[in-house]
1. Between a residue in the stretch 104-116 that is on the phi > 0 side of the Ramachandran plot and any residue that is among the aliphatic types (A, V, I, L, M), which pairs come within a Cβ distance under 6 Å, given they are 6 or more apart or on different chains?
2. Among the residues of the stretch 205-243, what is the count of those that are surrounded by 13 or more Cβ atoms within 10 Å (Cβ to Cβ), under 18 Å from A156 (Cα atoms) and not charged (D, E, K, R)?
3. Report, ordered by the first and then the second residue, all pairs with beta carbons closer than 6 Å, sequence separation of six or more or different chains, a first member in the stretch 75-89 that is closer than 20 Å to A119 by Cα and free of Cβ contacts under 8 Å to residues at least 40 places away in the same chain, and a second member that is not in a strand (DSSP E or B) and not polar (S, T, N, Q).
4. In the set T160, T216, which member is free of Cβ contacts under 8 Å to residues at least 12 places away in the same chain and more than 30 Å from T77 (Cβ to Cβ)?
5. Right, Q138: touching a residue at least 24 places away in the same chain (Cβ under 8 Å) and surrounded by 13 or more Cβ atoms within 10 Å (Cβ to Cβ) or not?
6. Given the conditions (1) closer than 21 Å to P61 by Cα; (2) in contact with a Lys or Arg (Cβ under 7 Å, 6 or more places away or on another chain); (3) part of a strand (DSSP E or B), report the number of the one that E108 does not fulfil.
7. Identify the single condition in (1) buried (at least 18 other Cβ atoms within 10 Å of the Cβ); (2) modelled with pLDDT under 95; (3) not acidic (D, E) that A119 does not satisfy, given that it satisfies every other one.
8. Here are T165, T160: which of them is more than 15 Å from S242 (Cβ to Cβ), exposed (fewer than 15 other Cβ atoms within 10 Å of the Cβ) and more than 25 Å from the chain's Cα centre (by Cα)?
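The values are calculated or read from the model by the stated rules, or taken from the named source; none is laboratory data. Just so it is clear, the model here is predicted, and its values are computed rather than measured. Cβ atoms come from the backbone with ideal geometry, glycine included; neighbour counts cover every protein chain shown.
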Amino acid sequence: MNSSKSRIWEGKSGSASVGSGGGAFNGNRPISREEWPANVNVGTGTVTDFLEKVFFPPVAPDCSISVDNPVREVGQTTAYTLTWAAVKKTNPITGITVDGNAIPVTGEDQDGTAEGNVAAAIGAYVKSITVTDGELSQTKSCSITYRARMFWGTIAKDGTTQPITDADVLALPGSELRDDFKKTFAGFGGDGKRLIFAFPALFGTPSFYINGFAVTAFTKVRSASAFVNAYGATVSMDVWVSDNAYNSPLASVQLT
């Protein structure tokens, strides 16, 4: 039987024996092997460091970030306030960057706010925080999204002999901020009026379905027209009006 000791156990002169072969564990012995098999070398120099890194690997610092009023209509305020937090895990925090700006660090948990402005055009603006301990890092982000409003309802005007004004659109009972015109309406129309839809021209051309059947009896009465919304911003809008007036509500009206 092989009675040789493991090399990580070393005898200590004048000390009590530790382990089956006597001696004491030297966790500070340098690792002398020059090459390690793939996926084994964890970049440590001593046995203690190796064991620490293999069995108790460091955890990256954590962070969070949010913004006030994340979804806005075009024309609303361009100012924003970010609320952020950095959380220490294994090692002290050595760097925090919020919205592209370096924050003085304490090494421990931190939080704060940051302010700025964006262009407020249709689209999303991403804001981020990155926190590091010098070895491990974490990044989180949030976004400020500006959308245009889609409007719908009924109207007595035909949109051709009686033009549809911005005031007519703003007075429509239905509206919401959207990224497209794809929407289904139930019990829609009636009172002998026409159906009307207004949305950004960049949404494209819709197909209309009434009670499940394709209908082409709609006219684009305003095409890529300058529309001034409730916040004074100008949006390029299309306005569609049905060629027919409907006395009773329609079970289903769909835009696809």
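1. G107/I93
2. Residues meeting the conditions: 7.
3. Sorted first by the residue in the stretch 75-89, then by its partner, the pairs are T81/D68.
4. Details: T160 fails: free of Cβ contacts under 8 Å to residues at least 12 places away in the same chain.
The unique qualifying residue is T216.
5. In short, yes.
6. Looking at each condition in turn, E108 falls short on (3).
7. With respect to (1) buried (at least 18 other Cβ atoms within 10 Å of the Cβ); (2) modelled with pLDDT under 95; (3) not acidic (D, E), A119 is out only on (1).
8. Working: T160 fails: more than 15 Å from S242 (Cβ to Cβ).
Just one listed residue meets the conditions, T165.
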